[in-house]
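Take a look at the structure below.
The values are calculated or read from the model by the stated rules, or taken from the named source; none is laboratory data. Everything numeric in this text was worked out from a predicted model, so none of it was measured. Methodologically, a virtual Cβ is constructed for each residue, glycine included, from the backbone with ideal geometry; neighbour enumeration extends over all protein chains shown.
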Amino acid sequence: MRTVQLYINDKRVDLYGDEKIQITSSIQTISDISKTQSDFSQAFTVPASDNNNDIFSWFYNNDFDGTFTGRTRAEARIEINHIPFKRGKVQLEGAQIKKNRPESYKVTFYGEIVTLKDLFGDEKLSDLNYDDYALEYNATNVSNSITSTADLDVRFPLISSDRVWTHGGGANTDISNSSYPIVWTELFPALKDRAILEAIKDKYGLTWSGNFVDSNYFKKSFTYFKNAVTPSISGEPENITFNNTSSGSTLVNNEYIVKYTEPTSAQAFHQMILTNITTSVNTTVIIDTYKNGELLSSQPVTYSGVAQTIYIAPNILNNPSLNDVYTLQARAQGTACTLNATVKHTYIYYTFGGSLTTNATTFTQAIDALALTNNISFNNLAPDMKVVDWFSGILKQFNLTIYPTETELNYQIEPLEDFYNFGGEINITEYTDTESIKVDRLKLYKTVSFEWQKSKAFLNETFEGEYGRNYGQLKEKFDYDGKDFKIKLPFENMLFTKFTGTNLQVSYAVDSASGGKSFIPKPVKLFMDELKNTNVSFYFSDGSTASQITQYMPFGQDQVYNLEDHSQNFGFEVSTLKDNAIDKSLYMTFYSSYMMNLFNSKSRKVTVKCILPLNLLATLSLDDNIILRDKKYTIDTMKSDLTTGVVEFVLISNFVEEKGVIATPTAPLPNSAGTLNLPFKMLKPPNATKQFDGGGGYVTFAATRETQFITLTLPVTHTTERTLDITIPRNTTGSERSQQIPVTYYDAAGNAIETTTILIRQEG
């Protein structure tokens, strides 16, 4: 019998000696943190000992106001024979009292992935800090984001929220005519998904690992920041500050506290005005007023040489409970400036002594001169979406797994295929109860669907009307008796259109081609393609002068990765930009291997029990391939009884075609020049010392076996995961050529684990 140790907030919990503690783990739960958990236990009981009563703050007695309320999950870890096993959190479910004495507590242990959902809570994208991506909102930066090939975090896609642009014909929507250019203030920004991940990381004290989040593929994935009908983009908000005290109110720093004031009458109230408003240049600023932390009003003020006045709060009723806190913020709209103004506070009451008399006490206080930038406020533009929903949507879009590493609050993010590709291989045959093996058929899905949110954009609705389906979706029906397999992203896939005879592609957040209205879409996902510098011509205005643009970075569904066309559509759609069908869709790139294995006629579901040695149980992870009687399986679920060592596996046959540890293009690359990005990480050795990473190791890329035409310094050795970047020159030889790079993986002791070869072929 093994002994289990449970720690809550670093305090060891007393356990019953015979209590069964069972942990359930499943890879299918890792892919969607919004609904399920990676590791969780069946509820189990612990005694109501003095020690445990102290840990749980005497939860059974609500007279105690302890720190452990049971409303939130507490930090926890599990050890087996004092060997670390799992980190996570514990949820207190309740307490049992018998004969007026506390007897036990019921608790549930959850793995670390569920803590992300707890951590994110109900906070939204607008609650993140985007200071690292500050960008002055001006015509120069907007234009540069359209044309630059630099690695920019912020771009302004050519999506109209007003006019339906045309190209040619001379109408007042013709952007090929200098008289009707795209005006820089027509465009909303898009922020790189990698930047949003970084903002999430910084806010919650997390770190990310994994090649995917830093890959050139993911760097071309963006989220469109549009939460208004038409652009009215303002700068970052700044607090209006003052420092003065007066009867009836208190001004301290940026807080304006309105208090109950004598004398009183039934008709007494306070009035606040912001007057003498001027700016250093003629421009518009927005004054945001918050009452007790809630937005009360947002008022635009335009200065053109004449001081302005606005009412902050015109009628604040005076009563004994009055103690409201007002805070003011200002935002520049379009132009950086310095704001000056005066706060005017008037206390007004009425008395009746033969006649009605109005009495008023007024004081004024100048605000501190406030410098306002015109940096884009991504908080004000962020889609109305919870952080957890955006994060879960990204996992679904790219079929990513996420799991904790050995480092606290560090999480590995990687595609499911890579997760299995770099996992270990464990033979459990000798530990298996041969009388408990159960082999079942897989109940295959009767429908398989991958969908985006329905869009109100007229291009999308036109497509649906013509083809009877949403653009970019994939949906198939099968004559099977299983469940429905459905992936529905929380994002919108906005259709683009290319002007005839050009390489210029645009889209419209407009619901009709003629006289349509702009709308606020659901969060829109976008891919960015490579520079187009031929057959492109449109005019762009900085507000006064129209300039011709002849090259741009297209947005839509397409990108080039590893010299091949990729699409963010799930289905097999014809690219609006390239006029040909792109087979490397999201489904084919990230889901097809998994789905094809499930639909393989030889696939089986095998349920088996075994007793694993403690060292094997402690290092086993869901990426491990299981060998049972010379057949290979992936782990669907595993239930581990921590006290007995009995593990019940539900295994799925693994017939995924071997692609080598490093996935390389199977078809010859085009003869054009480009860069190949090949992600790799250390392999888990047969006798691993840790979950997932195996306790170290390295990989060596040896000298090429052929005459080298690639640009890569070899040999080279790496001890951490990264991307091998290979520069491929244009092939001018007239015939196909190939390149081989031997690769050897080693464990921490220097023993070779696996050898493979990277084969690069290029068309003539």
Hey, does segment 727-746 have a residue that's closer than 30 Å to Glu79 by Cα and either surrounded by 13 or more Cβ atoms within 10 Å (Cβ to Cβ) or touching a helix residue (DSSP H, G or I) at 6+ places or on another chain (Cβ under 8 Å) (or both)? yes
Over segment 145-202, the set of residues under 23 Å from the mean Cα position of the chain (by Cα), among the small types (Gly, Ala, Ser) and farther than 18 Å from Lys220 by Cβ is Ala199
Look at segment 318-333 and say how many of its residues are crowded, with 22+ Cβ neighbours inside 10 Å and more than 15 Å from Ile257 (Cβ to Cβ). 3
For Asp288, are the conditions met, namely being among the acidic types (Asp, Glu) and in a helix (DSSP H, G or I)? no
Name the residues in segment 533-555 that are aliphatic (A, V, I, L, M) and touching a Lys or Arg at 6+ places or on another chain (Cβ under 6 Å), would you? none
Among (1) touching a residue at least 12 places away in the same chain (Cβ under 8 Å); (2) in a loop (DSSP other than H, G, I, E, B); (3) not acidic (Asp, Glu) - the single one Cys610 does not satisfy: (2)
Considering (1) within 30 Å of Leu563 (Cβ to Cβ); (2) touching a Pro at 6+ places or on another chain (Cβ under 9 Å), say which one Gly645 fails and leave the rest. (1)
Select from segment 171-199 the residues that are part of a helix (DSSP H, G or I), buried (at least 21 other Cβ atoms within 10 Å of the Cβ) and among the β-branched types (Val, Ile, Thr) and list them in ascending order. Ile196
Can you give me the number of residues within segment 423-434 that are closer than 23 Å to Pro84 by Cβ and assigned to a helix (DSSP H, G or I)? 1
Conditions: (1) under 24 Å from Ala332 (Cβ atoms); (2) in contact with a His (Cβ under 9 Å, 6 or more places away or on another chain). Ile175 meets all but one. Number of the miss? (1)
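Each row is one residue, and each column tells you yes or no for (1) charged (D, E, K, R); (2) assigned to a loop (DSSP other than H, G, I, E, B); (3) at negative phi; (4) surrounded by fewer than 18 Cβ atoms within 10 Å (Cβ to Cβ).
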{"position": "Tyr445", "(1), (2), (3), (4)": "no, yes, yes, no"}
{"position": "Ser449", "(1), (2), (3), (4)": "no, no, yes, yes"}
{"position": "Trp452", "(1), (2), (3), (4)": "no, no, yes, no"}
{"position": "Leu459", "(1), (2), (3), (4)": "no, no, yes, no"}
{"position": "Phe463", "(1), (2), (3), (4)": "no, no, yes, no"}
{"position": "Asn470", "(1), (2), (3), (4)": "no, yes, yes, no"}
{"position": "Asp479", "(1), (2), (3), (4)": "yes, yes, yes, yes"}
{"position": "Met494", "(1), (2), (3), (4)": "no, yes, yes, no"}
The number of residues in segment 711-724 that are at pLDDT below 85 and closer than 19 Å to Asn216 by Cβ is 2
Anything in segment 221-238 that is within 15 Å of Tyr130 (Cβ to Cβ), assigned to a loop (DSSP other than H, G, I, E, B) and among the β-branched types (Val, Ile, Thr)? List them, or say none. Ile233
Is it the case that segment 262-274 has a residue that's assigned to a strand (DSSP E or B) and at pLDDT 90 or above? yes
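Here is a yes/no grid of residues against (1) at pLDDT below 90; (2) in contact with an Asp or Glu (Cβ under 7 Å, 6 or more places away or on another chain); (3) within 20 Å of Gly17 (Cα to Cα); (4) β-branched (Val, Ile, Thr):
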residue	(1), (2), (3), (4)
Asp65	yes, no, no, no
Thr69	yes, no, no, yes
Val90	no, no, yes, yes
Thr108	no, yes, yes, yes
Phe120	no, no, no, no
Leu128	no, no, no, no
Checking Thr707 against (1) closer than 19 Å to Glu763 by Cα; (2) in contact (Cβ under 8 Å) with a residue 40 or more places away in the chain, which single condition isn't satisfied? (2)
If we only count helices (runs of 4 or more DSSP H) wholly inside segment 339-422, which ones have 1 or more residues that are within 24 Å of Asp118 (Cα to Cα) and at pLDDT 90 or above? 378-381, 387-397
Give the number of residues within segment 640-672 that are outside any loop (DSSP other than H, G, I, E, B) and more than 30 Å from the chain's Cα centre (by Cα). 10
Note on Asn253: of the conditions (1) touching a residue at least 24 places away in the same chain (Cβ under 8 Å); (2) assigned by TED's automatic domain parsing to the domain that holds Asn318, unmet is (1)
Check Asn533 against each of (1) of a type outside the set (Asp, Glu); (2) touching a helix residue (DSSP H, G or I) at 6+ places or on another chain (Cβ under 6 Å); (3) over 17 Å from Leu489 (Cβ atoms) and name the one condition it does not meet. (2)
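Residues checked against (1) acidic (Asp, Glu); (2) at pLDDT 90 or above; (3) touching a helix residue (DSSP H, G or I) at 6+ places or on another chain (Cβ under 7 Å):
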position: Asp579; (1), (2), (3): yes, yes, no
position: Asp583; (1), (2), (3): yes, yes, no
position: Tyr587; (1), (2), (3): no, yes, no
position: Ser593; (1), (2), (3): no, no, yes
position: Met596; (1), (2), (3): no, no, no
position: Asn600; (1), (2), (3): no, no, no
position: Ser603; (1), (2), (3): no, no, yes
position: Val606; (1), (2), (3): no, yes, no
position: Leu617; (1), (2), (3): no, no, no
Residue count, segment 449-471 (criterion: small (Gly, Ala, Ser), touching a strand residue (DSSP E or B) at 6+ places or on another chain (Cβ under 7 Å) and more than 23 Å from Phe599 (Cα to Cα)): 2
Filter segment 710-726 down to the residues that are surrounded by 14 or more Cβ atoms within 10 Å (Cβ to Cβ) and among the aliphatic types (A, V, I, L, M), then identify the one that is farthest from Pro686 (Cα to Cα). Ile710
